[in-house]
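Here the structure comes first, spelled out in structure tokens, and everything after it is commentary.
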Amino acid sequence: MIYVGIDIAKLNHFAAAISSDGEILMEPFKFTNDGDGFSLLVSKLEALALEEDNIIIGLESTAHYGDNLVRYLVASYYKVCVLNPNKTSTMRKNNIRKTKTDKVDTYIIAKTLMMQDSYRFVTFFDLDLMDLKQLGRFRQKTIKQRTRLKIQLTAYLDQVFPELQYFFKSGLHQKSVYALLKEAPTPNEISSMHMTHLANLLKVNSHGHFTKEQAKELRVLAQKSVGANDSALSIQITHSIAQIELLDSQLEQVEAEMADIMKFHDSVIMTIPGIGYINGGMILGEIGDIHRFSNSGKLLAFAGLDPSVYQSGNFQATRTHMSKRGSRVLRYALMNAAHNVVKNNATFKTYYDAKRAEGRTHYNALGHCAGKLVRVIWKMLSDEVEFNLE
């Protein structure tokens, strides 16, 4: 067997190869992080062995810099392992010279690969999990951006048309309100609109919810408004709405892509009542390879749902907060999923009610349900079994 170690960097990578006996088969060489560099690497790998099965390639998990190379090698049907940096660090410490260079690191990675008893090769499913992780995190960032814009828009309307929030009982952030404000962002412009046009605008964008009488009430409210007819604020209102609608369309595209990936793989996680494609995709994407976690406790700690420990002298706290370490996105998705599962499954509802009966708060009880859900998910994904808690 031939072991290839690759040291990843932003612009250039280094690679070297050794045999099962530790013989150096390929001296460390540099190749660029682009198509030409990847082609150079593959040409050298092809010169080493007639078949891809005789080669095992290892590289450290280093942010996103190695993702493109991993995808390229997997698509070329090479066996690729992404190593935990802690493993290579241990091997590096055993190095007598204590030397760390890109060239030396390639040997360290190759030797670490050679010393392993078993291998977990990156699959096409793993690549889809990487996509789910990236899409899920982008979705969270986009939602935060949209929330900030909605808060800003509300602040602008407090100055321009403070009475508007009391007229629309379902809130300001709905399609009919946005359609109105894009066309008439100030009370003066609303009050000067033709009644037929105003009534039709509200009716069409609310799917018939608003009547002509309500349109008349809105125009009277605009005429009496104490808000400022400020052109600068009008620009900020219309631009904020345009940005919010752009983010809405982006979220739809992201969620549609996540749903497509989830439908293609048909994961057992979708058999849990209350978990949809988006929540399930975020959970799978953040977990990645379930075999990274030898037990459910490690997955619980990775999600930051494990209880923190407080001990001093003879005192040991019996009630503590969750540690909130690890993946924030995974914790969010699990808490959201737990909320839905409690509403859709009798076992989880009973468990939630029992925690509430102990005097725990809603959020605390939900945290316990999320912890129970983690243990269920770990078992389901590890053994590929469907949800069966009824």
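The values are calculated or read from the model by the stated rules, or taken from the named source; none is laboratory data. All values reported here derive from a predicted model rather than from experimental measurement. Don't worry about glycine lacking a Cβ; one is built from the backbone with ideal geometry, like all the others, and counts go over all protein chains shown. Calculation scope for accessible area: heavy atoms of the full protein, side chains included, ligands and nucleic acids excluded. Shrake-Rupley method; radii C 1.70, N 1.55, O 1.52, S 1.80 Å.
Could you please find all residues in the stretch 44-77 being farther than 12 Å from residue 2 by Cβ and either assigned to a loop (DSSP other than H, G, I, E, B) or out of contact with any helix residue (DSSP H, G or I) (no Cβ under 7 Å at 6 or more places or on another chain) (or both)?
Initially, the stretch 44-77 is screened for residues farther than 12 Å from residue 2 by Cβ, giving 59-77.
61, 62, 63, 64, 65, 66, 68, 70, 73, 75, 76, 77 - these are the residues of the stretch 44-77 that are farther than 12 Å from residue 2 by Cβ and either assigned to a loop (DSSP other than H, G, I, E, B) or out of contact with any helix residue (DSSP H, G or I) (no Cβ under 7 Å at 6 or more places or on another chain) (or both).
Quick one: would you say residue 41 is buried (at least 21 other Cβ atoms within 10 Å of the Cβ) and assigned to a helix (DSSP H, G or I)?
For residue 41, the condition - buried (at least 21 other Cβ atoms within 10 Å of the Cβ) and assigned to a helix (DSSP H, G or I) - is met.
Please tell me if residue 333 is in contact with a helix residue (DSSP H, G or I) (Cβ under 9 Å, 6 or more places away or on another chain) and open to solvent by less than 20 Å² (accessible area, probe 1.4 Å).
In short, yes.
Residue 375: basic (Lys, Arg), crowded, with 20+ Cβ neighbours inside 10 Å and closer than 27 Å to residue 133 by Cα, yes or no?
Answer is no for this residue.
What are the residues in the stretch 20-38 that are in contact with a Phe, Trp or Tyr (Cβ under 9 Å, 6 or more places away or on another chain), closer than 14 Å to residue 109 by Cα and open to solvent by less than 70 Å² (accessible area, probe 1.4 Å), if any?
Answer for the stretch 20-38, where residues must be in contact with a Phe, Trp or Tyr (Cβ under 9 Å, 6 or more places away or on another chain), closer than 14 Å to residue 109 by Cα and open to solvent by less than 70 Å² (accessible area, probe 1.4 Å): 20, 28.
Taking helices (runs of 4 or more DSSP H) that do not extend beyond the stretch 157-214, which have at least 2 residues that are within 26 Å of residue 232 (Cβ to Cβ) and open to solvent by 40 Å² or more (accessible area, probe 1.4 Å)? Spell out the reasoning first.
Values: elements: 164-167, 175-183, 187-191, 195-205.
Passing ranges, in order: 164-167, 175-183, 187-191.
Would it be correct to say that residue 386 is at pLDDT 90 or above, surrounded by fewer than 16 Cβ atoms within 10 Å (Cβ to Cβ), in a loop (DSSP other than H, G, I, E, B) and not hydrophobic (A, V, I, L, M, F, W, C)?
Yes: the conditions hold for residue 386.
Does residue 342 satisfy the criteria of being aliphatic (A, V, I, L, M), more than 20 Å from the chain's Cα centre (by Cα), open to solvent by less than 30 Å² (accessible area, probe 1.4 Å) and at pLDDT 70 or above?
Against the criterion (aliphatic (A, V, I, L, M), more than 20 Å from the chain's Cα centre (by Cα), open to solvent by less than 30 Å² (accessible area, probe 1.4 Å) and at pLDDT 70 or above), residue 342 qualifies.
Taking the residues in the stretch 117-151 that are of a type in the set (Val, Ile, Thr), in contact (Cβ under 8 Å) with a residue 40 or more places away in the chain and assigned to a helix (DSSP H, G or I) as candidates, determine which candidate is least open to solvent (accessible area, probe 1.4 Å). I'd like the intermediate steps shown before the answer.
Our first condition is that a residue be of a type in the set (Val, Ile, Thr); within the stretch 117-151, this holds for 122-123, 142-143, 147, 151.
If we keep only those that are in contact (Cβ under 8 Å) with a residue 40 or more places away in the chain too, we end up with 122-123, 142-143.
Add one more test, that the residue is assigned to a helix (DSSP H, G or I), and what stays is 142-143.
Details: 142: 2, 143: 40 Å².
Filtering the stretch 117-151 for residues that are of a type in the set (Val, Ile, Thr), in contact (Cβ under 8 Å) with a residue 40 or more places away in the chain and assigned to a helix (DSSP H, G or I), the one least open to solvent (accessible area, probe 1.4 Å) comes out as 142.
Report, ordered by the first and then the second residue, all pairs with beta carbons closer than 7 Å, sequence separation of six or more or different chains, a first member in the stretch 55-77 that is farther than 12 Å from residue 121 by Cβ, and a second member that is open to solvent by less than 40 Å² (accessible area, probe 1.4 Å) and of a type in the set (S, T, N, Q).
Partner pairs satisfying both residue conditions: 60/88.
Tell me, yes or no, whether the stretch 44-56 has at least one residue that is in contact with a Ser or Thr (Cβ under 7 Å, 6 or more places away or on another chain), more than 18 Å from residue 118 (Cα to Cα) and of a type in the set (A, V, I, L, M, F, W, C).
No, the stretch 44-56 contains no residue that is in contact with a Ser or Thr (Cβ under 7 Å, 6 or more places away or on another chain), more than 18 Å from residue 118 (Cα to Cα) and of a type in the set (A, V, I, L, M, F, W, C).
Test residue 235 against the criterion of being part of a helix (DSSP H, G or I), buried (at least 17 other Cβ atoms within 10 Å of the Cβ) and at pLDDT 95 or above, and give yes or no.
Working: part of a helix (DSSP H, G or I): yes; buried (at least 17 other Cβ atoms within 10 Å of the Cβ): no; at pLDDT 95 or above: yes.
Here the answer is no, as residue 235 does not meet what is asked.
Just to verify a result, which residue in the stretch 345-360, among those that are in contact (Cβ under 8 Å) with a residue 24 or more places away in the chain and in a helix (DSSP H, G or I), is surrounded by the most Cβ atoms within 10 Å (Cβ to Cβ)?
Looking at the filtered set, the residue picked out is 348.
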